[in-house]
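The values are calculated or read from the model by the stated rules, or taken from the named source; none is laboratory data. A quick note: this is a predicted structure, and the numbers were derived from the prediction, not measured. Ideal geometry is used to build each Cβ from the backbone, glycine not excepted, and the neighbour counts take in all protein chains shown.
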Amino acid sequence: MKTWTRSLIYLISFSVCFFGEVVINLACGPEPDPYDYYVSFFHNDLSQSNGFRPFTFTNYSFLYSDEEPVNEQDINAAEWAAYLGHNTTTAHVKQAMYKLNGKTDTLLNNGFLISGSRLPDSLRGNSFLKNLPTNKSAYKYYGFTKRIEPLVNYATDYWDPKPIDTPALKRSAGEALSLAATTGDKFTRLRYYYQAQRLLHYSAQYKQAAKVYDKHIAGEVSGSRIKAWALALRAGEERRIGDTVKAAYLFSKVFALYPERRVQAYRNYRAIDVPKAAILTIAKTNEEKATIYAIESFGNPKPDVEAIKNIYDIQPTSPLITTLITREMNKQEEYYLSRVLNDPQTPIMNSFYGIDWAGSEKNATAQVNQLDNLCNRIASEHKNPDHAIGYLASAYLAWMQKNTSKGLDEISLLNNVKLTEKLDGQKQIIKLLLASQGMQAKNKMDEAVLLPSLKWLDSKVKAETRDFYKKHSGANYYYYGETDERRFAVTARNFYHSVLAPMYLKQKDTAMAALAMVTGDIPGNKPDLSYETIDFLQNFIHSKAFVKLIQWRTKAPTMPYLKFMSQKIAAAKPAWLYELLGTAYLREHQYEKAISAYSHTTKAAINQGDEASNPFISQLADYPKIYQDGSRRSYNKLEFAKAMAKLQRQIAQKPTAAVYFKYATGLYNTAMHGNSWDLISYNWTANDFGRNKYYYDVDYIRSANAEVYYLKARALSKDPEFKARCTFMAAKCRQKQIRIPNYRDSDYETADLNYSRLVRQNAYFKQLGDGYKGTAFFKRAVNECSYLQDFLKGRIKRSKR
Amino acid sequence: MKLRLLLLLFLLSACRHERKTDTAFYYWKTVYKANPAEVIYRQQLHSGKLYVRIMDVDMDETGTVPVPVSPIIFKNKLPDTVSMVPVVFIVNDVLKNITKPALDNLAKKILFFVNGKAEQAGKPGYQELQIDCDWTLTTRDNYFYLLNKIRSQFCGQKRLLSVTLRLHQLKNQKRNGVPPADRVMLMCYNMGNLRKYGSQNSILDIAEMKKYINSNISEYHLPVDIALPLFSWAVAFRNKKYIGIPKQVSYRDLADTEQFIKQGDNMYRAKTELPQYGLRLNDEVRWENSSLPALQNAAKYLSGLIRSDTVNVAYFHLDEATIKAFKHEDLDKITHLFN
């Protein structure tokens, strides 16, 4: 019933005071992907060893990964397989030790381990269990561990309220000690002592547990990793006994030497929370000191070049250097690069969460320079086996600082250097960035230069995608938490969205910017686009650019660069592109062209669903909305285009007040406050109020064109009731042109008061009061509109003064 | 007219029997260990009842099976002079998608677990069990079903089931219904908008409390006990947006002018980067506490509205650092405001 897996969990939970660094509860809301929340081009897996992966930088998680770099079960199973011999496999050891279900476990305990009766059917082929009876010491030890595990795993049945059985733990520890003393087998003797220490540890007999370690385990000459796990326990015991400095030092040793306990040791070290200086005084070697500096730095989310300097000074060959430099580079991406790339005017949605620790510009630059100097030193001194990372880091920092020539100089130093595959990949990325930056400075694209690099990046993305979906069959497009496995896809997306698309936008080439957005999206297992790209296409692109996109989609361009860039748009469904084009025409009031575009699309694409409505309803108040309920007439996008085109023709031929009014109402109702906003917008949020970002906001937010046509309608009419209505509608349009303050504004309360004042001073209210006071419409409007009431009350007050 | 009103008030006050009140405490830690300061404090208040959190019930890591989370460990047995009310907090999500047989099973497991823990506490014969849950409309039916199951197995002569009642549950009685229990404990704290920037006190704000209570409490179909807060905390904002509760910030820290600048009655601004608290330069901190005047006002207000003959006034929670801020005489007076 019990497995050793749980014992590992409880072992950890016993000796760790979890999350010492938790000081703040993150607020609710959309959570950033902790592996992809800032623009990054510097890959975080450049180290030749995978042993420090959990300590890769991320500001949104305590560790990059909670998984130990090496699996302890694998190590233990390998030791047992080697010890037992006779073709015992590690898989079978793992099965017998860690993977048995409750029923099988009970059968094993009550049969095979007591009377030596035959194995349960499901385990008959298990080489470990088959070979066990041939080794009496092993057989006895295995039986012993099966008996003690329930004591250690006291809470495997969550609903069992029993507390820890301390007396039984102590008794079992005594038994382990006596078995250790009597066995003649070295392999199991060490393990019995370990179990004795562990059982005493769990029963909070820390001094006795430490004694067992010191007397029987510390001096034992053995290659077994049991010694490592016992050392981890010993470190915890030292903490409980009271010598926290020594405890932290021992945990730092476990961290350095035993990757299967590295995360656990790190957490314990940090939970103990003693000054670094005190631990350094008892560290014996430079290597030990370097480890202490590294552990401290792994817990520091702020720039920390000093730590690398300290390590490099005392142990220049340290394998920790690469991981630590990468961490610092990633930090600078978050703190410095986010600031460089931030363009408040860009129409490209930014879903990244930059954090600015550096404070002032000067401070930020100083931090980058400090890191650059150190990287140069490491690169030029050639003392560290991964010293090439220094050149790469330096070149990349130059790119960040827009110093292209320095960046090219640095990268050229690696021209004849043989790099690892990962470092070479990083070099190609930096070269691409520097080449783009050169073009950016001249504001001139050299697409022939870009193409080979983009093709190379594309091949990397494709290979990575293939591997990714092989590993995660069935994963969706944006698989949360897996972006750390798709570094090239993320790099490509960041390049296309944050570098290339903005370059095209600067040149006012929105069609190419759109291609860059589409091309950059992380490939899924089905064609799909990111939220950012959809937002860009749905909100920013005019009809001219869509026409180009459709052309490239319909007929593959012959120019190699354009052909490469059109690959993904070629997979887009034509109906979808035509729907986007039609909507752009609606926003541009080119209704005849919209009709033509919609002829290429499907009914489903242009129908408005449950909220289909009539855009020609004229209401005094904007709310409630009147949606289709079966009896009312509603319009889809094509029908709306046809109706507006007809009105346009009538306006051109013989305009009347009624035609102008209907046309104005059609425009008014497609605004966010109108009855049929979804004819020209794909989404609606209350935050849109006051927006001035997209070309169609003139209608969608401000109803400025509707106002013009309401005035034209009024000018052609002689009916005071109708004229009053036109004036009131114009007043509503004018009101929408007053920016509604956003609660995020710096002085929201003043802005809100100001808004409240301005809406009551609408120029058309005066016209209504002066010219149409006697109309029935005026009376209705006064009853309905509190702003108008306030305006009139204010007038009375003023006149009384 | 005034005279008639005075007469009516006199008659009403003349008719009113003195209500029986008991001072109680919640014990909301995961380890119970006898603490002399807490014991003395309780004794001075003649408080004989302790509402002890036994566990939370939440879904396991697979999200499919309800399990106890952070169950209490009793390092000592509770004193003989104290009666224990085990409290089980059920996470609302547990009740969202759960079948009736699973609820039957859950009721059994909860009681088995609580009985086991009560044994360890030296209180096998506990007389009252309390269930705490922030139930909503979507979980109401399942929650009430579970309560009925627990009640049918637990309650009998002299044994009763009480449940906590949040202010929103009291206010929307029609929609939320009345839970099948013997008593409710009205939780008179955490009523304001914690996340809203400003100088308000979200722990205890009498104006906010009145919005929920009014006559709702007088008309409630079950006897009502009252839980009042004693705790305090710091609420942090960055650029006027809520970022969290930095647990390590104490009132004393805020008074350190090297670290914070006082901006208003209860607002402070970080003068420097304070990574030890997770705060950055210019982050703002609102200090919220349960002040004695606020507790007195709340007690006076509630006392006039409650109709129960007996009221348990339970303070949240029994912790040496928390109770240090209140003289036992002051809490005694607050309890007696309910008489």
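Tell me, which helices (runs of 4 or more DSSP H) wholly within the stretch B:148-262 include 3 or more residues that are in the same structural domain as residue B:324 (by TED's automatic domain parsing) and within 29 Å of residue B:50 (Cβ to Cβ)?
B:167-171, B:206-212
Tell me which residues, restricted to the stretch A:680-705, are within 28 Å of the chain's Cα centre (by Cα) and charged (D, E, K, R).
If the condition is that a residue be within 28 Å of the chain's Cα centre (by Cα) and charged (D, E, K, R), then A:688, A:691, A:693 are the ones that fit.
Might you let me know whether the stretch A:682-692 holds any residue that is in the same structural domain as residue A:643 (by TED's automatic domain parsing), under 23 Å from residue A:579 (Cα atoms), modelled with pLDDT under 95 and of a type in the set (Val, Ile, Thr)?
Yes, the conditions are met somewhere in the stretch A:682-692.
Looking at the structure I just gave you, is residue A:326 away from every other protein chain (no Cβ under 14 Å) and either surrounded by fewer than 21 Cβ atoms within 10 Å (Cβ to Cβ) or in contact (Cβ under 8 Å) with a residue 60 or more places away in the chain (or both)?
So residue A:326 passes the test.
The conditions are (1) closer than 30 Å to residue B:56 by Cβ; (2) more than 14 Å from every other protein chain (Cβ to nearest Cβ); (3) surrounded by fewer than 16 Cβ atoms within 10 Å (Cβ to Cβ), and residue A:162 fails exactly one of them. Which is it?
Failed condition: (2).
Quick test for you: out of B:289, B:239, B:266, pick the one residue that is within 14 Å of chain A (Cβ to nearest Cβ) and not small (Gly, Ala, Ser).
Just one listed residue meets the conditions, B:239.
Can you pull out every residue in the stretch A:566-576 that is in a helix (DSSP H, G or I) and either under 29 Å from the mean Cα position of the chain (by Cα) or within 16 Å of residue A:678 (Cα to Cα) (or both)?
A:569, A:570, A:571, A:576 - these are the residues of the stretch A:566-576 that are in a helix (DSSP H, G or I) and either under 29 Å from the mean Cα position of the chain (by Cα) or within 16 Å of residue A:678 (Cα to Cα) (or both).
If you take the residues of the stretch B:86-103 that are away from chain A (no Cβ under 14 Å) and either in a helix (DSSP H, G or I) or in contact with a Leu (Cβ under 7 Å, 6 or more places away or on another chain) (or both), which of them is nearest to residue B:45 (Cα to Cα)?
Checking each candidate, the answer is B:92.
What number of residues within the stretch B:41-77 are polar (S, T, N, Q), surrounded by fewer than 19 Cβ atoms within 10 Å (Cβ to Cβ) and over 11 Å from residue B:31 (Cα atoms)?
Total meeting the criteria: 4.
Could you check residue A:589 against (1) in contact (Cβ under 8 Å) with a residue 40 or more places away in the chain; (2) in a helix (DSSP H, G or I) and say which number it fails?
(2)
So that you can scan it fast, the table gives a plain yes or no per residue for (1) free of Cβ contacts under 8 Å to residues at least 60 places away in the same chain; (2) under 24 Å from residue B:301 (Cβ atoms); (3) surrounded by fewer than 20 Cβ atoms within 10 Å (Cβ to Cβ):
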| residue | (1), (2), (3) |
| --- | --- |
| B:162 | no, yes, no |
| B:173 | yes, yes, yes |
| B:177 | yes, no, yes |
| B:184 | yes, yes, no |
| B:190 | yes, yes, yes |
| B:196 | yes, yes, yes |
| B:207 | yes, yes, yes |
| B:213 | no, yes, no |
| B:216 | yes, yes, yes |
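Yes or no: the stretch B:289-300 includes at least one residue that is over 17 Å from the mean Cα position of the chain (by Cα), in a loop (DSSP other than H, G, I, E, B) and crowded, with 18+ Cβ neighbours inside 10 Å.
No, every residue in the stretch B:289-300 fails to be over 17 Å from the mean Cα position of the chain (by Cα), in a loop (DSSP other than H, G, I, E, B) and crowded, with 18+ Cβ neighbours inside 10 Å.
Quick one: is residue A:44 within 14 Å of chain B (Cβ to nearest Cβ), crowded, with 16+ Cβ neighbours inside 10 Å, at pLDDT 50 or above and part of a loop (DSSP other than H, G, I, E, B)?
Criteria not met by residue A:44.
Testing residue A:303 on (1) assigned to a helix (DSSP H, G or I); (2) surrounded by 17 or more Cβ atoms within 10 Å (Cβ to Cβ), one condition comes back false. Which one is that?
The number of the failed condition is (1).
Taking the stretch B:44-82 as the search range and keeping residues that are part of a loop (DSSP other than H, G, I, E, B) and of a type in the set (Lys, Arg), which one is nearest to the other protein chains (Cβ to nearest Cβ)?
That would be B:75.
Quick one: in the stretch A:745-767, of everything that is under 15 Å from residue A:790 (Cα atoms) and of a type in the set (A, V, I, L, M), which residue is surrounded by the fewest Cβ atoms within 10 Å (Cβ to Cβ)?
A:763
Quick grid of which residues meet (1) within 30 Å of residue A:337 (Cα to Cα); (2) assigned to a loop (DSSP other than H, G, I, E, B):
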| site | (1), (2) |
| --- | --- |
| A:61 | yes, yes |
| A:70 | no, yes |
| A:74 | no, no |
| A:83 | no, no |
| A:94 | no, no |
| A:106 | no, no |
| A:132 | no, no |
| A:138 | no, no |
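Sort out which residues of the stretch A:526-562 are in a helix (DSSP H, G or I), of a type in the set (Asp, Glu) and more than 15 Å from residue A:350 (Cα to Cα), and write them in order of number.
If the condition is that a residue be in a helix (DSSP H, G or I), of a type in the set (Asp, Glu) and more than 15 Å from residue A:350 (Cα to Cα), then no residue fits.
Consider residue B:281 carefully, then state whether it is of a type in the set (A, V, I, L, M), within 14 Å of chain A (Cβ to nearest Cβ) and surrounded by fewer than 21 Cβ atoms within 10 Å (Cβ to Cβ).
Yes; evaluated as a whole, the condition is true for this residue.
For residue A:220, only one of the following conditions fails: (1) touching a His at 6+ places or on another chain (Cβ under 7 Å); (2) at pLDDT below 95. What is its number?
Status for residue A:220: all satisfied but (1).
If the requirement is being in contact with a helix residue (DSSP H, G or I) (Cβ under 9 Å, 6 or more places away or on another chain), surrounded by fewer than 21 Cβ atoms within 10 Å (Cβ to Cβ) and of a type in the set (D, E, K, R), which of these qualifies: A:637, A:654, A:642?
A:642
Filter the stretch A:306-322 for residues that are of a type in the set (S, T, N, Q) and assigned to a helix (DSSP H, G or I); which is nearest to the other protein chains (Cβ to nearest Cβ)?
Residue satisfying both the conditions and the ranking: A:310.
Where in the stretch A:348-457 are there helices (runs of 4 or more DSSP H), lying wholly inside it, with at least 3 residues that are surrounded by fewer than 17 Cβ atoms within 10 Å (Cβ to Cβ)?
By residue number, A:361-381, A:404-412, A:421-442.
Scan the stretch A:195-210 and give yes if some residue there is surrounded by fewer than 16 Cβ atoms within 10 Å (Cβ to Cβ), among the basic types (Lys, Arg) and within 16 Å of residue A:233 (Cβ to Cβ), otherwise no.
yes
Here are the criteria: (1) in a strand (DSSP E or B); (2) under 30 Å from residue B:183 (Cβ atoms); (3) of a type outside the set (A, V, I, L, M). Tell me which single one residue B:286 does not satisfy.
Going through the list (1) in a strand (DSSP E or B); (2) under 30 Å from residue B:183 (Cβ atoms); (3) of a type outside the set (A, V, I, L, M), residue B:286 breaks only (2).
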